[in-house]
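The values are calculated or read from the model by the stated rules, or taken from the named source; none is laboratory data. No experiment lies behind these values; they were computed from the predicted model shown. Virtual Cβ from ideal backbone geometry, glycine too; neighbours counted across all protein chains shown.
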Amino acid sequence: MNFLKKVADWYFSKRTLPYWCILIIDCSIVFVCGLFAMYLANGGNYFVANFWQIVLGLFICLIPFIVFFKVFHTYSGIIRYSSFVDLQRLVLATLCGSAVMLVLGLIERFTSIDTDAIDFPGPFPTVMIFTGSTLLMWLVRVIVKRIFDTFN
């Protein structure tokens, strides 16, 4: 319990979490949601057999998410002061990132480009990634805000 108090005291002091930490948390959420969505959409055997292709595809798909996180400034604010406008920006950023990811997946499937080394998510996993990552990023911000309000 002492460790949690130290972490809370550090986080809720005047210093805040650097923006790159928030970006890493958001990217991690998108990546983990991508792994989960690919597992649910394709099954465990496919997931295990093509694990590294899926990981490479998700890392490539993180690039548009990072770009849209930057465009919509989703990580530049202080999480504990998040508002409804910040949550709307998260939706827009993940929606745009998911749209680019969907286009990449459709290009891979409907062209003759040989991409055996990369496995981009299809339409169903993309919707799951959008929904899951948006909800988890909202949840992180709401929980941090509630903890901050509780400690103050």
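Quick look at the numbers
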item	result
Single match in 79, 63 (criterion: closer than 19 Å to residue 128 by Cα and either at pLDDT below 85 or surrounded by 12 or more Cβ atoms within 10 Å (Cβ to Cβ) (or both))	63
Candidate set: the range 17-60, residues that are among the small types (Gly, Ala, Ser) and within 9 Å of the chain's Cα centre (by Cα); chosen: the one surrounded by the fewest Cβ atoms within 10 Å (Cβ to Cβ)	28
Selection from the range 10-36 of residues that are in a helix (DSSP H, G or I) and at pLDDT below 85	10, 11, 19, 20, 21, 22, 23
